[in-house]
Structure formats: structure tokens, C-alpha cells
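Input: a single structure, listed below in C-alpha cells.
Just so you know, all these numbers are worked out from the coordinates, no wet-lab data involved. Keep in mind it's a predicted model, so treat the numbers as computed, not measured. Cβ placement follows ideal geometry from the backbone for every residue including glycine, while neighbour counts extend to all protein chains displayed.
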Amino acid sequence: MSTFAHQLLGERLIDIGATLSWYRHGGADPTTWLNVVGRGVASRGEMVRATRTPDGPGTLRIGWTGSPVTDVDGIAGVSLEAYGPGAAWMLEQVPRMLGVDDRTDHGLAADDHPAVARAARNGRSVRMGASGDLYHSLLPTILEQRITIGEAHHQWRQLCCNLSEPAPGPFTRLLLPPEPGVLARQPSWWFHPLGIERKRAEPLLRVAQHAAKFWDWAALTPSETRAKLHLMDGIGQWTIGNVLGPALGDPDAVAVGDYHLKNMVGSVLAGEARATDERMLELLEPYVGQRGRVVRLLRLNSAAAPKFGPKKRILPMHTW
């Protein structure tokens with residue numbers, strides 16, 4: 001096979017497991033199950049996701065068995081099932097979720113920085129997919145503000161177990177995200193026993209109150225959607241930077257204000273154990289337009305900043 005043919009095949013291959021991974025919030029996410037055996041384009045597995053669509057609740061199952069490729073008709077090597085009133089809408093989203101139209105390199109594999117080039121080569125088949133679902137993406141991301149990721153994932157599960165209903169289809173224990181009307185009716189004090197204090201409960205309530213607008217916002221450009229989200233109290237740069245990637249497929253979205261991200265970027269790109277958000281953005285400046293892709297590829301390549309000192313004891317929020 002010629003070098004050109006190898007390159008062309010590489011552009012068409014999809015690492016489905018890694019591509020779908022950013023739609024799930026923790027291994028026990030009650031709305032999104034992901035099981036992957038193996039790594040890279042040769043992996044096999046399935047994702048089952050329940051969500052709310054413009055047409056009503058829906059459940060989608062995506063299964064794959066090694067080296068799926070894009071072709072003129074969509075994705076070869078992938079099986080799909082969908083259930084509920086939102087089934088047709090979810091099936092229409094599959095090509096976007098898998099990033100079929102996303103080019104995967106953008107010259108990063110030939111970048112001057114060896115860490116970026118290595119991560120881009122290793123992740124050449126990882127796509128920047130888009131769920132098109134801002135509401136579903138915002139809820140668990142808001143919970144991840146200000147606390148550890150493990151505690152936030154536990155709270156997301158508890159929120160769904162308390163307020164959601166079973167998802168359409170044959171998947172027992174799979175839950176939908178909370179219905180916006182149900183979530184919006186809860187007083188802020190109701191969330192405290194779950195460990196969710198007022199500063200995070202109130203943005204959850206605002207998101208529920210404005211949920212109907214998000215379908216139109218998801219059809220805008222990432223910069224337009226960013227401006228809309230900035231108008232909502234409690235939705236800041238960190239939340240927006242984490243949401244625009246998986247919801248809209250924005251390759252430039254960066255979570256400014258993240259406790260760990262700035263240090264990872266500083267360590268990998270400049271050999272600096274600790275960095276500020278300003279320094280992180282300075283180091284990412286050469287990749288404007290693809291900053292989110294660079295960060296994602298570095299993370300998938302197990303990049304991390306060095307750790308110092310003893311691990312801090314984490315106190316659950318409801319004990320504060």
C-alpha cells in the first residue's frame with residue numbers, strides 16, 4: 001500500500017472509544033454507559049446514552065467492532081439502535097457525535113513541540129464530536145465546579161436517581177437527565193443533602209428554566225453560543241470551556257480556571273511545574289483555533305503536571 005493510501009486510511013479511521021469518552025461523566029454516569037475493550041482504532045465496545053431531545057426522551061446505542069471508517073454513506077463497522085420519541089433525532093446526531101466531518105490532524109502531528117506532535121500522532125483517529133445537547137452537558141459540568149471530580153460524579157448520579165425517570169428501551173437502570181420542569185421546581189435548599197450548595201444549585205435551576213432555548217443555541221457558532229452562555233449567572237469561563245467541546249465540537253474551547261489544567265499545560269509545553277491561566281493561554285497561543293484539541297490530545301496521551309506534598313483530605317460538601 002502506498003504512503004498516500006496509508007495516510008488516507010488514517011484520516012478515515014475513527015477511534016470510537018476515545019471519541020465518545022467525553023460524553024460520559026464518570027464510570028457510574030447513570031445516563032451514559034461506555035464499555036471499551038482494547039485501545040485505539042482496533043478497540044471494540046458500545047456506548048448507551050439516554051437524553052432529552054426536541055422530540056422527547058430517547059436512548060441511543062452505538063456498537064462497534066474494530067477499525068470503523070468513514071465512507072460516503074456514513075460510518076462503516078458501526079451498529080446503531082435507538083428507542084423512544086427522540087430516537088430519530090438521536091440517530092441523526094450519530095455522525096456529529098463521532099466527528100465524521102472533523103479533520104483530525106490540522107498539522108499538529110508535524111508540530112515543532114515534540115509533546116504536541118507525539119500526542120497528535122498517537123491520537124490521529126480521535127475526533128472532536130458534538131452531541132448537540134447543551135442541557136445534558138451543562139448539568140454535570142456545573143456540578144463539577146469548585147469540587148473534586150469524584151464527588152461531582154457522585155452528585156450527578158444522586159441527582160438523576162432522585163429526579164429522573166428510566167430511559168426508553170431495554171436498558172435497566174439507565175436514567176434520563178432530570179426533566180427541566182421537575183428540576184426547576186426544586187428549591188435551592190433541596191440540593192444540600194446531596195452535597196450541592198447554593199452556588200451550584202442556582203445555576204442548575206437557571207439551566208432548567210432556560211432549557212428550551214438551548215436547541216437554538218446549539219445551532220449557533222461556538223463563539224455565538226459562548227456569548228449566550230456568558231449571559232447566565234453561574235456559568236463562567238470554566239463551565240463554558242468544558243461544555244463547548246462535547247456539546248458543539250468546538251476544537252478551540254479551553255477550560256480557563258481549571259485547578260489542574262494550567263499546570264499540565266505549563267509542565268508539558270514549557271517544563272514549568274506550576275502555571276497560571278494567563279501562562280497557559282500564552283503557551284497555547286500558537287494553537288489558536290485548535291487549543292481545545294491540543295489539550296484533549298495531551299490528556300489522552302497521559303500528560304500531567306508533577307505532584308508535590310501529601311494528598312489533601314476531601315470533606316464532602318454536605319458536612320460543611
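For the reader, a short list of remarks on this structure follows.
Residue by residue, here is whether (1) closer than 27 Å to ALA304 by Cβ; (2) hydrophobic (A, V, I, L, M, F, W, C); (3) within 18 Å of the chain's Cα centre (by Cα) holds:
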residue	(1), (2), (3)
VAL41	yes, yes, no
THR53	no, no, yes
ALA76	no, yes, no
GLN93	no, no, yes
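- Only one of ARG121, ARG146, ARG127 that is among the basic types (Lys, Arg), assigned to a loop (DSSP other than H, G, I, E, B) and surrounded by fewer than 21 Cβ atoms within 10 Å (Cβ to Cβ): ARG146
- Selection status of ASP105, closer than 14 Å to LEU297 by Cβ, in contact with an Asp or Glu (Cβ under 9 Å, 6 or more places away or on another chain) and not aromatic (Phe, Trp, Tyr): yes
- PRO95 meets the conditions (1) under 30 Å from PRO203 (Cβ atoms); (2) of a type outside the set (Val, Ile, Thr); (3) free of Cβ contacts under 8 Å to residues at least 40 places away in the same chain in every case but one. The failed one is (1).
- Restricting attention to the stretch 193-212, the residues that are over 26 Å from GLY132 (Cβ atoms) and loosely packed, with under 15 Cβ neighbours inside 10 Å add up to 3.
- Residues of the stretch 157-187 that are surrounded by fewer than 14 Cβ atoms within 10 Å (Cβ to Cβ) and not hydrophobic (A, V, I, L, M, F, W, C): GLU165, PRO170, THR172, ARG173, GLY181, ARG185, PRO187.
- Scanning the stretch 158-182 for residues that are out of contact with any Leu (no Cβ under 9 Å at 6 or more places or on another chain) and part of a helix (DSSP H, G or I) gives PRO180, GLY181.
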